[in-house]
Amino acid sequence: MLKNILLGALALTSLATAATTAFAQDLPKEIRVGILGGENEADRLKNNACLADHLKADFGADKVSLFPAADYDGVIQGLLGGTLDVAELGASGYAAVYLKDQNAVTPVLTTQAPDGSTGYYSIGLALKSLGLSKITDFKGKTLGYADPDSTSGYLIPLTQIPKDTGVANDQFFAKTQFNGGHENNLLAAYDGKVDVAVDDSSGLGDFKDGFTSGTFRKEVDKGTVDPSKLVEVWRSPLIPNGPIVYRTALGEAFGKKLVESYNNLAATDAKCMSGVEGGDFKGYSPVKPEFYQAIIDVRKATIGQ
Amino acid sequence: MTSLSASPQQSSSADQVLREWQRLAMQRRLYSVLGVLLVLAGLVGSMWFADENNAGHFVERLPHLFDFLSWLIPSDWNDVWRALFDIASPQDNGTEQFNFPLGRVYLWADFYLPEYFYLMLVTINVALVSTIVGFIGGLGFCFIVARNYSPSNWLRIPIKRVMELFRAFPEIVIAGMFAAIISIGPVAAIIAIGIHCIGALTKLFYEVVENADMRPDEGLKAVGANWFERVRFGGLPQVLPDFLSYALLRLEINVRASTIIGAVGAVGIGQELKLSISRGFGAKTLALVLLLFVTIFIVDQFSAWLRRRLVGEQAFLKQGLGT
C-alpha cells in the first residue's frame with residue numbers, strides 16, 4: 001500500500017525527467033559495477049579502475065561507479081534490489097541470485113583459462129611445516145572458509161571434502177570458520193590461525209607461481225605469500241568459472257554491448273584483464289544459465305536459498 | 001517599539017539609541033538567518049554528496065523500504081520456535097534453512113542447549129568479561145586522572161591521553177587489529193571491547209571523582225593518611241555507587257557491541273544473525289531477533305535490579321524527591 005503510494009509519487013516526480021530521457025532499452029548514463037568482496041578494498045578498486053574506463057568509453061556513459069562490497073552478499077543484494085547493474089559473480093553467488101529471482105540477472109560471459117577451460121578448482125592449502133599432506137590427515141584440525149556465498153571457499157568444500165573424509169566437515173574438523181573473503185582466508189592459513197584454507201585456483205601451471213590464476217596467485221604476485229612454505233592438501237572437482245552478469249531489466253541491447261566491451265577489453269588490454277580477473281586468462285567465452293545448473297542444484301540442496 | 005519611536009516628546013539622543021538598537025537587532029537577526037541557511041546548505045550538500053556516492057539513491061529507493069521485510073515472514077510461524085529451541089521442523093530437507101537440530105550443544109545424555117542460546121551465552125560472556133576488565137581498569141586509573149586526587153601531573157596527563165586513545169577507536173577497529181594478531185574469536189572481541197571500555201569508564205569515573213566532596217579527604221590528610229588511604233576511605237565510599245551505575249550501563253552497551261563484533265569476528269550470535277539475514281532465512285532470523293530482544297530486556301532489568309540492591313533504595317528515593 002505505502003509502497004504503491006511512494007512509487008506513484010516517484011513516478012509523478014520523474015515524469016518531467018522521463019520526457020527528456022529516453023526509454024529503458026537505451027543505454028544508461030550511469031553504470032554501477034559491483035565488485036565481490038574477497039580481497040582488500042584498495043586492491044580491488046585499483047585492479048578494476050581500468051575496467052571502469054573501458055566500460056565508460058564503450059557505453060558512452062557519463063559515469064561508471066565501482067562498488068566494492070564488504071562481502072559477496074552485498075553484491076548479491078545490490079543486483080536483486082536493482083542498485084547494481086553489472087557484476088562478476090562466483091557460481092554460488094549467481095546461484096544465490098537465481099534461487100531468489102530467476103529473472104533478476106542474465107549471465108553473459110565467463111573467463112577462459114590459458115588452456116581453454118572454463119573451470120577452476122577449490123584447493124586446500126596448508127603450511128608445509130605442519131607436515132601433513134592430504135585432507136584426511138587433518139582430522140581434529142581447523143578449516144577456514146572464505147565467504148558464506150563463495151563457491152570454492154564454501155559451497156564446494158562443504159559438499160566435496162566429506163566425500164574424501166566420509167563425515168561432515170563440522171564433525172571431521174575441530175572447528176570451521178569464515179575468515180571473510182579469499183585473501184583473508186589464505187592469509188589465516190599462512191599465519192597459522194587455521195590449519196587448512198580453501199580458496200579458488202586455476203590449478204594450472206606451476207605451484208611455485210601460485211598457479212596461473214586465483215587467490216593464491218594474487219597473493220604470490222603481491223609478495224604476501226611465499227609458495228615454498230605452503231602445500232596443496234586437497235583439490236575439488238572442476239568448478240564452472242563465475243559469470244559476468246547484468247541486470248536483466250536493462251535490456252538485451254545492454255547485454256550485447258557488455259559482451260562487446262568485455263571481449264574488447266580481453267583483446268586490447270591484457271594487462272587490465274589480468275588485474276580484473278586475477279591472473280592469466282585467454283579471454284572470455286559466452287555462457288548460458290544452464291552452465292551453472294549443477295551449482296544451483298547443489299546450493300539449493302545444501303543452503304536452501 | 002514603533003509607538004515609542006513615533007512619540008513626539010522623545011529626545012533626539014534617545015531616538016538615536018533606539019534606532020541604533022534596532023539596527024543591531026536587525027543585523028543580529030540577519031546573521032542568524034544567514035548562519036542557519038549556511039548550515040542547511042552544508043547539510044543538504046553533504047547529504048546529496050553521500051547520496052550520489054551510493055549505488056541506490058535515497059528518494060528513488062524509498063518505495064522499496066519494506067521489500068526487505070517480505071522474506072522475513074516464515075512459511076510456518078511454528079518454525080520460529082523450532083529454530084529457537086532446535087526442534088526438528090517438518091520442512092527439514094537437509095538444507096541450512098531448516099536444519100535446526102544440527103546445532104544442538106549436548107551437555108549430558110539427551111539434555112542439550114539450543115544453538116542460539118549457546119551463542120547468546122558466548123556473546124553475554126564476552127560482554128561480561130570485558131565489562132569487568134573495563135571496571136578494574138577504570139577503577140585503577142580514575143583516581144590518578146582526577147584533578148582533585150591526582151598524585152602528579154606527570155602521571156595524570158599521559159594517562160588521560162592514553163585513555164582518549166582507547167576511546168577514540170571503535171571496538172570494531174580494535175577487534176580488526178587484534179584479529180590480525182591472534183585470529184578472530186572471543187579473545188580478540190574481549191580485548192577490543194575491554195580496551196574501549198577501560199577508556200570510557202575511566203572518563204566517566206574520574207568525572208564522578210572530581211565532583212566528590214573533599215572534606216573527608218581533608219580530614220584524612222590531617223591525620224596523616226597516605227594517598228591510598230585517602231582514596232580508599234575518603235573518595236571511594238562516595239563514588240562507588242555511581243561507579244556501579246556506570247559499569248552496569250556499560251554492560252548493556254557491551255552486550256550490543258559484542259553482538260556487532262560477533263557479526264564480523266565469528267563470535268557468538270552476531271555472525272549467525274548476519275548469515276541468516278543475508279541468506280533470507282525468515283524463521284531463523286526471527287528466532288535470533290526475538291532472542292536478542294529478550295536478552296537485552298533481561299540485561300536491562302537485571303542491571304536496574306542490581307543497582308537498586310547495591311546502591312540502596314534511599315539513593316532512588318532521594319532523587320525521586322528532587323533533592
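The values are calculated or read from the model by the stated rules, or taken from the named source; none is laboratory data. Computed from a prediction, not measured in an experiment: that's the story for all the values here. Don't worry about glycine lacking a Cβ; one is built from the backbone with ideal geometry, like all the others, and counts go over all protein chains shown.
Here are a few things to note about the model shown:
- Listing of strands (runs of 3 or more DSSP E) fully contained in segment A:95-187 that carry 1 or more residues being under 19 Å from A:R235 (Cα atoms), within 13 Å of chain B (Cβ to nearest Cβ) and small (G, A, S): A:142-145
- Options B:A266, B:A283, B:A304: the member that is at pLDDT below 85 and within 14 Å of another protein chain (Cβ to nearest Cβ): B:A266
- Residues that are closer than 22 Å to A:T118 by Cβ and either surrounded by fewer than 22 Cβ atoms within 10 Å (Cβ to Cβ) or within 14 Å of chain B (Cβ to nearest Cβ) (or both), drawn from segment A:43-75: A:N47, A:N48, A:H54, A:Y72, A:V75
- Contacts under 7 angstrom Cβ, first residue in segment A:226-247 being assigned by TED's automatic domain parsing to the domain that holds A:E277, partner at pLDDT 95 or above and surrounded by fewer than 18 Cβ atoms within 10 Å (Cβ to Cβ), 6 or more apart: none
- Every listed requirement among (1) within 13 Å of chain B (Cβ to nearest Cβ); (2) touching a residue at least 24 places away in the same chain (Cβ under 8 Å) is met by A:D191 save one, (2).
- Scanning segment A:105-127 for residues that are crowded, with 20+ Cβ neighbours inside 10 Å, over 14 Å from A:S213 (Cβ atoms) and not assigned by TED's automatic domain parsing to the domain that holds A:G251 gives A:G124, A:L125, A:A126.
- If the condition is being part of a loop (DSSP other than H, G, I, E, B) and either on the phi > 0 side of the Ramachandran plot or aromatic (F, W, Y) (or both), then segment B:109-134 contributes only B:A109.
- For segment A:254-273, filtering for residues that are out of contact with any helix residue (DSSP H, G or I) (no Cβ under 7 Å at 6 or more places or on another chain) and crowded, with 18+ Cβ neighbours inside 10 Å leaves 4.
- Looking only at segment A:139-170, residues that are in contact (Cβ under 8 Å) with a residue 60 or more places away in the chain and among the charged types (D, E, K, R) come to 3 in all.
- Scanning segment B:56-98 for residues that are free of Cβ contacts under 8 Å to residues at least 12 places away in the same chain and touching a Gly at 6+ places or on another chain (Cβ under 6 Å) yields a total of 1.
- Number of residues in segment A:271-302 that are within 14 Å of another protein chain (Cβ to nearest Cβ), among the hydrophobic types (A, V, I, L, M, F, W, C) and touching a Leu at 6+ places or on another chain (Cβ under 7 Å): the value is 2.
- For segment A:78-96, the candidate set comprises residues that are surrounded by fewer than 22 Cβ atoms within 10 Å (Cβ to Cβ) and out of contact with any Phe, Trp or Tyr (no Cβ under 9 Å at 6 or more places or on another chain); within that set, the residue that is modelled with the highest pLDDT is A:L80.
- Taking (1) in contact (Cβ under 8 Å) with a residue 40 or more places away in the chain; (2) not assigned by TED's automatic domain parsing to the domain that holds B:L275 in turn, B:I124 satisfies each apart from (2).
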